[in-house]
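Written below as C-alpha cells is the structure these notes are about.
The values are calculated or read from the model by the stated rules, or taken from the named source; none is laboratory data. Worth saying up front: this structure is predicted, and the values here are computed from it rather than measured. For neighbour counting, all protein chains shown are included, and Cβ atoms are generated from backbone atoms with ideal geometry for every residue, glycine included. These area figures cover heavy atoms from the full protein model, side chains too; ligands, DNA and RNA do not enter into them. Shrake-Rupley method; radii C 1.70, N 1.55, O 1.52, S 1.80 Å.
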Amino acid sequence: MDTNVTAAVLAPAEPGSVMDRLAALLMARGCCDAKTIERARRVSAETGQRLDVVLTQLGLVGERALAEALAALLALPLATAARYPELPPPCASSLSVKFLRSARAVPVALEDGALVLAAADPLDPFAPAAVAAATGHRVALEVAVPIELDAAFDRLYPADGAKAAEDPDAVQAAAGEPLEEDAERLKDLASEAPVIRLVNQIIARAVETKASDIHIEPFEDRLRVRYRYDGVLHEMESPPVALTAAITSRIKIMAKLDIAERRLPQDGRIKLAVRGHEIDFRVSCVPALHGETVVLRVLDRTAVAFDYAQLGLPPAVVARLGAALDLPNGIVLVTGPTGSGKTTTLYTGLLALNAVTRKIITVEDPIEFQLRGINQIQVKPQIGLDFAGLLRSILRQDPDVIMVGEIRDLETAQIAVQAALTGHLVLSTVHTNSAAATITRLRDMGLEDYLLTAVLRGVLGQRLVRRLCTACRRQAEAPPELVRRFRLDARSDGQTPLLWHPVGCPQCRGTGYRGRQAVAEFLVPDEAIERLIFARADHVEIERAAVATGMVTMFEAGLAAALAGTTTIEEVVRSIRAEA
C-alpha cells in the first residue's frame, strides 16, 4: 500500500462485504428497506455496477443520505458545502482538471502536511493514490455530497465548467442523471445547498426589487427567469439549464406540492421571512414542452396600500363608491381584466367596512391577502366547494357583508342577487371591458332585468397604468397629431398641452416608471339607465346615458392623468385600448 495515502481509504479489501455493511447501515438509518436493497442487488448483478451506485441512480437512496452513510461506515469526515475553498484549490498546478473531473474529487485544504481530498466515491482507491503520487503529499480523504462537489468544481474551475455548460448532456452525466425519471433524486438534489441558495436568491431579489411575479420557464437550451414589474415582464440572468429540474423541485417542495407529479398542473403557497418580515407566495406549476413552468405571485402586504388615494382613484369616484358601500343591501361590482387591481380595490372597501358591528365573509379563489377581522374562505373546486355552494352555506352564517371573488355563471349570480334581496351587501367582480358592459354581461348570463335593476347599486370599471418616475420624467409639448386625435387642447383650457415622458434612472431600473395607479369609472344605475336595461339596450347606449349624468369614462380619466404628469398617453392607450 502507498504510505502517502491514509490507511482508511483502502481498508475495505472485499467490496462485497463493504456493500453488505453499507446496506445494513442504510436500513438501520431508515433510508430504505429490505425490498429496496433486494431490488438494487438484482440490478447490480445484471449491470455489474456497485450497489451504492445503483441505489442513487434508481433514486432509491438520496445522495446526501448515501454520503453520510459512507462517511459513518468508513469513519471519514463528511465534506460540507462550506468546506470547499473560494480561492483556487491547493496543488492546482499539479493536478489535471480533466482527471479531477473524471475522479469526481476536489482538493480542499492542506492541513498538517496532508492534502485533504473531497471525493464523491471514497471506495475508489485509485484517485487518492494518484493525487498522492502527483503532489507528494499525504492524502486525507473526506466524503463529498455529489451535488455540492459539482457546484464547487464549476466555481473553482470555471473554464472547465463553461465547457460542460455548453454540453447539457455532459452536465447531466456529471450530475449522475437521469433526473427526469427520478423523483427521489430530484428531492435530494433540491435539498442541497447550491440549489437552495439559488432559489433563495431568485426569491429575495424579486422581493427586494418589488417584483409582483416570478416566472421560471424551461426551454430546450436554457432556463429563463423573468420578473414582472408594474405589469411588464423583465428578463433576469438565467440559471444553468442543467439545474432546471432541481430548481423546479425545490420550489415544489417549499410549496408542499408533489414533486413526482409532472403531468398535471399544481397550485400551492409558500410563506417565507424575507428582509425581516413574512411574505406569502402563490405558486403555480404547469407542465410544458421542456419541463414545468413555475410562476410565483409575490404577496407582500407591506408593499400593497389598501388606501384609495394611494391606489390613484380620483375623489369623485371614491365618493360614489363609498356611497354605494354605505348602503345596507345590494350588489356593488368591480370590473376589469385579470391584473387590473380589482381585488385590491375590494379589499380596500372591505377594510373600510370592517367593524365590530358587522360580520364580513369572503369567498375567494385564491385568497390573496389575509385580512384581520374578516372571515375568508378558499374555494376548492376539486372537492365540490365552489362559489355557488359556498354562497348558499354562508347565508346561514348571518353575515352583513359578503364578498364573492368572481361571478362566473348564472347560478352564482342568482344566489348573489337573492342575498342582496334578503338584506345583505354583496361585493364581487366580473370580467368585462367597461362598467356599462357589466350590465349586458349579467343579462347574457341569464339574469332577469327586473332582478338586475332591483339589486345593482354601482359598477366600478378600472385599469392599472404605470406611474411615471418623478425622479427622471421630462416634460415636452404634445405633438399636434396627439392634440388632434385626443382633443387635448380642449382639456388644457386653451393653452398648449404639455405631456410628460419616461426617461429612465437607477430609481426606476431604467424603465422610466415606478409603481402603478388605477384609472377608473363608476356607473350608478339611475332611472334612465334602468329604462335602458328594460329596453334591452346595448352597453354603448348605457354608457352614453351614464356619461350624460356625470360619469367620467376610464379613457377620459386616463387622459386627465397623462396631462397631470402621473402617466403617459402611451400607457393609457396600452392599458385601456381605446380607439380614436
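Translational diffusion of segment 436-487 was estimated from the Stokes-Einstein equation, with Rh taken as the Kirkwood radius over Cα pairs; at 20 °C and 1.002 mPa s the coefficient is 138 µm²/s. Would you mind checking the tilt of helix 435-445 against the longest principal axis of the Cα atoms of the chain, expressed as 0 to 90 degrees and rounded to 10? Between the helix axis and the principal axis of the chain, the angle is about 80 degrees. Bridges between two residues of segment 71-141, per DSSP, are antiparallel at a rate of about 60%. Sites count as exposed loop sites when they are trypsin sites (Lys or Arg not before Pro), lie in a DSSP loop, and have at most 14 other Cβ atoms within 10 angstrom; the longest stretch of the chain without one is 30-255. Each Lys and Arg adds +1 at its Cβ and each Asp and Glu adds -1 at its Cβ; summed about the Cα centre, the chain shows a dipole of about 1220 debye. For the chain, the tally of Lys pairs with Cα-Cα distances below 25 Å comes to 18, considering only residues 8 or more apart or on different chains. The C-alpha atoms of the chain define a longest principal axis, and helix 244-254 lies at about 70 degrees to it. Computed over segment 458-516, the Cα gyration tensor eigenvalues convert (square root of 5λ each) into semi-axes of 24, 20, 9 Å, ordered from largest to smallest. Here the scattering of segment 423-552 is modelled by Debye summation over its C-alpha atoms, one equal scatterer each and no solvent; at q = 0.10, 0.16 Å⁻¹ the log10 of I(q)/I(0) is -0.51, -0.90.
Stretching the chain fully between residue 370 and residue 443 yields a gain of 23.0 nm (0.36 nm per residue, less the alpha carbon separation). Of the residues 391, 346, 371, the one whose Cα sits farthest towards the positive end of the charge dipole of segment 287-401 is 391 (charges of +1 on Lys and Arg Cβ, -1 on Asp and Glu Cβ, taken about the Cα centre).
Each principal axis of the Cα cloud of segment 56-141 was taken in turn, and the coordinate range along them, longest first, works out to 38, 26, 25 Å.
With all pairs of different C-alpha atoms in the average, the Kirkwood value for the hydrodynamic radius of segment 284-393 is 16.4 Å. Shape summary of segment 350-413, radius of gyration then Dmax from alpha carbon positions: 11.7, 35 Å. Dividing the summed helix terms, -39500 (n - 2.57) for each DSSP H run of n ≥ 4, by the number of residues in the chain produces a 222 nm estimate of -12000 deg cm²/dmol to the nearest 500.
Dimensions of segment 392-462 based on its C-alpha atoms, expressed as ranges along the principal axes with the largest first, amount to 34, 25, 19 Å. Here the mean projected area of the convex hull built on the C-alpha positions of the chain is 34.0 nm². Beta bridges from DSSP with both residues in the chain: antiparallel share about 60 percent, rounded to the nearest 5. Axis of helix 63-74 versus longest Cα principal axis of the chain: the two differ by about 30°, to the nearest ten degrees. Among the protein heavy atoms of segment 449-546, carbon and sulfur supply 46% of the accessible surface, probe 1.4 Å, non-protein parts ignored. Per residue, the accessible area of segment 344-417 comes to 47 Å², computed with a 1.4 Å probe over protein heavy atoms only. Once both labels are positioned 7 Å from their Cα atoms along Cα-to-Cβ, the gap between residue 393 and residue 477 label points is 6.6 nm. Across the options 508, 285, 524, the greatest Cα extent toward the positive end of the charge dipole of the chain (unit charges at beta carbon of Lys, Arg, Asp, Glu) belongs to 524.
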